[in-house]
Amino acid sequence: MDTLTPELIKAALAATPASPQIFIGYSGGVDSHVLLHLCASSAMLKRRVTAVYVHHGLQAEAGQWAVHCEKVAHGLGVSFKSLCVNARPQTGESPEEAARNARYAALAALLGQDDVLLVAQHREDQLETVLLQLFRGSGLRGLSGMPERMAFGAGWLLRPLLDIPKQAIAEYAQSHSLGWVEDPSNQHSDYDRNFLRNEIVPLLKRRWPALDKTVARAAGHCAEAQTLLHRFAGQLSDTAINADHTLSVSHLLALPDVEQKLLVRHWLQGLGEKMPSQNVLKRLQSEVLAARADAAPLVSTSGYQLRRYQDKLYCLRPDATALLAGVWPKGQQSFAITGQRRLACVPSSLGIAKAVWEQAHVDIRARQGGEKIRLPHRQGRHSLKNLYQEAGVPPWERELTPLIYLDGQLAAVGANWIGAEFYCEAEAGCMAFVVQTAG
């Protein structure tokens, strides 16, 4: 218990840039109450602290807990904020995952530049996390557990109690006569983490009392190994990842099997995607990388598609199977062409004459096949098929590229080409097209 002093928090904060504000994830439970009490015990910390309660709407008592948390925070002399979130699971999400994602998204939105969020996870939380990752068959990244410090939103997330045993936290709470709330759902073993906490970990600790400490140490070893692998993967990616965020197939095929998998994981992590399963990686190697250069194979996951075109591997979010066609309303700045993309018309020195654009009847159409267009500064009329092949546009992008017709005549092909009959060069007197992607 002697280690639980405000100096522990100050030491954790010293590893980050000077933070204007400190937010504490405060649920009202014993762990977060102890963390809040430690911060409030320091005059230097207290004036910068805001306790934040996240109302998930999943428990009937949640409203009462919010009132309790506000009362405790004000009693300790710190600011308080309550956030309401939608924690309903999306397709493929567990209730636990949905609540966690909603909570962290709301907390991340609070942070300004270099602000800090403190959360109260401790050494037994780390034990549970590593065991869960082990049972899910995770690699080094998962077995590294939770980091003590990580970039978060515009600032940082710190876990200053991560090396503190649960018993020390309980003793601190009792010695300071703290009052906390107990979530009754914690006693239900339906959720994986609760099952471990309530039934498995107590049994294991009867045999190995220091289990939380030794597993935390093993997680640290995994984290160090993962750091080295990440650095090596970064070296591989320097020449293998293209400027358009695709991955070079020829570079991948030149690597040994294990390095191929490492590079693909590193690439997907950089794109913010979930790590692929072993089955997805095997299918990628056998069905996509081994395919003929003129093929267009794909492997789908629940969140994205991996597709190959020529020497490039693409990671694509499921967007739409067909273009949304229709009449572009006059005066409207953009037009929805799929669920995630809009075609915007913006002022430019090159494009379609502004006066022509404003007066014309504009149709957005999907490609039917056989379309041709005459381009400025080039002889003859060119089929869209040949232009797409010449520009290296992947087949799936061709079907989602809008054709812009002015008064029934093909005037432009997405943001790629403008017909010679409509082409204009005039400072701020033209309109050009830009495809915008949501998110």
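Some notes on this structure:
- A 1.4 Å probe, protein heavy atoms only, puts the accessible area of Cys424 near 20 Å².
- Charge dipole magnitude, Cβ of K and R +1, D and E -1 - region 205-298, Cα centre, debye nearest 20: 800 debye
- Rounded percent of accessible protein surface that carbon and sulfur make up, region 282-424, 1.4 Å probe: 49 percent
- Based on DSSP H segments of at least four residues, each scored -39500 (n - 2.57), the chain has a per-residue ellipticity at 222 nm of -11000 deg cm²/dmol.
- The share of Cα pairs per 5 Å bin across region 315-383, counted from zero up to the longest distance, runs 3, 12, 17, 19, 22, 17, 8, 1 percent.
- Rh (Kirkwood; distinct C-alpha pairs) - region 289-439, Å: 16.6 Å
- Nearby lysines by direct alpha-carbon distance to Lys213 (threshold 25 angstrom, same-chain neighbours under 8 apart not counted): Lys10, Lys166, Lys205
- Tyr309, Tyr388, reordered so the largest accessible area comes first (probe 1.4 Å): Tyr309, Tyr388
- Pairs of Cα atoms farther than 23 Å apart, region 194-322, %: 45 percent
- Within straight-line cross-link reach of Lys261, lysines at Cα separation under 30 Å, skipping those fewer than 8 residues along the same chain: Lys274, Lys282, Lys312
- The Rg/Rh ratio of region 1-125, with Rg taken over Cα atoms and Rh as the Kirkwood radius over Cα pairs, comes to 0.97.
- q = 0.06, 0.13 Å⁻¹, the chain: log10 I(q)/I(0) [Debye, one scatterer per Cα]: -0.39, -1.17
- The angle separating the long axis of helix 257-270 from the principal Cα axis of greatest extent in the chain is about 90 degrees.
- Think of a 1.4 Å ball rolled over the protein heavy atoms: the chain then has 52 Å² of accessible area per residue.
- Protein-only accessible surface at a 1.4 angstrom probe places the residues Thr3, Thr338, Thr301 in the order Thr3, Thr301, Thr338, largest first.
The values are calculated or read from the model by the stated rules, or taken from the named source; none is laboratory data. Every value quoted in this text rests on a predicted model; they were computed, and no experiment measured them. Here Cβ is always computed from backbone atoms with ideal geometry, including for glycine, and neighbour counts include all displayed protein chains. Only protein heavy atoms, including side chains, enter the accessible area calculation; ligands, DNA and RNA are left aside. Shrake-Rupley method; radii C 1.70, N 1.55, O 1.52, S 1.80 Å.
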